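Report on the following structure.
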Amino acid sequence: MNPERLQVSHPMGRYIIVGAGAVGGTIGGRLYEAGHDIVLVARGAHYEAMRKEGLRLITPDGDRTLPIPTVDRPEAVDLLPDDVLILATKTQDSAAALDAWAARPVSGGHAGTGATAGAVLPVVLAQNGVENERLALRRFSHVYGASVWLPAGHLEPGVVESRGTPISGILHLGRYPGGEDDTARRISAALEKSKFRAPVCVDVMRWKYAKLVSNLANSIEALCGPTDDPRAQELRRRVKAEGESVLVAAGIDYATDEERAPYVALLRMEPAAAGRPQYSGSTWQSLARATGSVETDYLNGEIALLGRCHGVPTPANEALQRAVGQFAREQRPAGSFDPDRLAELIDLTDQYRGPERTE
């Protein structure tokens with residue numbers, strides 16, 4: 001299941017999933033079940049569990065263990081010309097992962113040419129936020145963005161639970177900074193045959209900015225839990241309104257709710273199976289696993305950055321960015337913060353904002 005070095009030729013190409021957590025594990029598992037050659041890349045206890053037992057993938061259509069080859073470092077894989085890298089780490093881990101893989105030599109059709117992954121292989125950024133594509137384009141010539149809507153959880157080593165049905169997720173896909181090509185269409189076709197919808201679009205960042213706006217409330221859920229408390233609902237509206245205002249001020253176009261609605265209708269989330277733990281969004285999961293870091297700097301922090309650049313106040317997003325960062329560093333329990341206290345922090349941030357910028 002885990003040979004020392006992996007080099008496999010496959011007629012449909014090979015997909016190397018860098019970051020085989022909730023999103024990466026679901027994508028890799030579904031592609032594997034559809035007959036594709038897959039390599040999972042993971043770290044620590046998750047890597048050890050999958051190396052020994054395989055990936056346990058739990059979905060509404062079953063619970064099975066998949067014997068997918070798993071490695072913990074790029075040096076364990078001999079890269080081939082038809083390989084596709086799919087990066088599914090959190091954004092705070094992207095630069096290190098991209099550096100590690102971009103310099104790897106590619107053999108096969110490029111043997112003896114000195115070709116590297118960064119020069120010849122496509123990399124797909126199946127991640128939240130909008131910074132990963134810029135990070136990748138500094139290191140890779142062929143970069144593809146993917147806007148990810150994929151309800152899944154990873155709380156136990158070796159286990160990924162995906163609750164999307166009748167498909168596992170929706171991945172709008174396109175070349176970065178724009179356009180479409182045969183590679184995007186090939187990846188899309190593979191995903192479409194693996195229980196995903198993967199529309200190819202020439203303007204993938206419009207979809208990623210729309211996803212960014214929807215992800216801004218992840219921090220509220222991580223801090224206060226998945227609550228319908230009216231106080232939390234008001235905070236969700238506030239962070240979204242700030243995000244939309246900032247994008248308008250920055251002149252950044254994003255997919256509208258009306259554009260997204262037909263895709264939203266394709267996917268529903270099943271409740272947890274009997275005896276399985278409940279989970280919430282990705283930021284909540286990072287706190288629940290006590291990873292010590294979160295991607296909030298690239299979600300709420302992106303809005304704070306753009307707000308400062310364009311003179312738009314973003315106190316709610318700034319306060320959330322700081323509060324979740326503190327929770328992660330101190331490894332405080334997910335969902336343990338009171339919504340009233342969070343609202344107070346936002347008000348304080350607004351008061352301490354300082355004078356308005358003048359042109």
Regarding Gln321, is this residue in contact (Cβ under 8 Å) with a residue 24 or more places away in the chain, open to solvent by 20 Å² or more (accessible area, probe 1.4 Å) and closer than 18 Å to Val130 by Cβ? yes
Among (1) open to solvent by 20 Å² or more (accessible area, probe 1.4 Å); (2) assigned to a strand (DSSP E or B), there is one condition Leu173 misses while meeting the rest; what is its number? (1)
If we keep only residues of region 189-227 that are of a type in the set (Ser, Thr, Tyr) and open to solvent by less than 10 Å² (accessible area, probe 1.4 Å), then the residue nearest to Gly307 (Cα to Cα) is Ser219
Those residues of region 239-268 which are surrounded by fewer than 21 Cβ atoms within 10 Å (Cβ to Cβ) and closer than 17 Å to Glu221 by Cβ amount to Lys240
Using the structure shown, decide if Glu270 is in contact with a Gly (Cβ under 7 Å, 6 or more places away or on another chain), within 30 Å of Ser168 (Cα to Cα) and charged (D, E, K, R). no
Out of Pro230, Pro271, report the one residue that is free of Cβ contacts under 8 Å to residues at least 12 places away in the same chain, open to solvent by 20 Å² or more (accessible area, probe 1.4 Å), out of contact with any strand residue (DSSP E or B) (no Cβ under 6 Å at 6 or more places or on another chain) and not charged (D, E, K, R). Pro230
Can you go through Ser280, Ser286 and tell me which one is surrounded by fewer than 21 Cβ atoms within 10 Å (Cβ to Cβ), of a type in the set (Ser, Thr, Tyr) and touching a residue at least 12 places away in the same chain (Cβ under 8 Å)? Ser280
If I filter region 2-13 for residues that are at pLDDT 95 or above and either touching a strand residue (DSSP E or B) at 6+ places or on another chain (Cβ under 8 Å) or part of a helix (DSSP H, G or I) (or both), do I get at least one hit? no
Which one is farthest from Arg289 (Cα to Cα) among residues in region 173-186 that are in contact with a strand residue (DSSP E or B) (Cβ under 6 Å, 6 or more places away or on another chain) and in contact (Cβ under 8 Å) with a residue 40 or more places away in the chain? Thr183
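The values are calculated or read from the model by the stated rules, or taken from the named source; none is laboratory data. Keep in mind it's a predicted model, so treat the numbers as computed, not measured. Here the Cβ is made from the backbone with ideal geometry for all residues, glycine too, and neighbour counts use every protein chain on show. Surface accessibility is based on the protein's heavy atoms, side chains included, excluding ligands, DNA and RNA. Shrake-Rupley method; radii C 1.70, N 1.55, O 1.52, S 1.80 Å.
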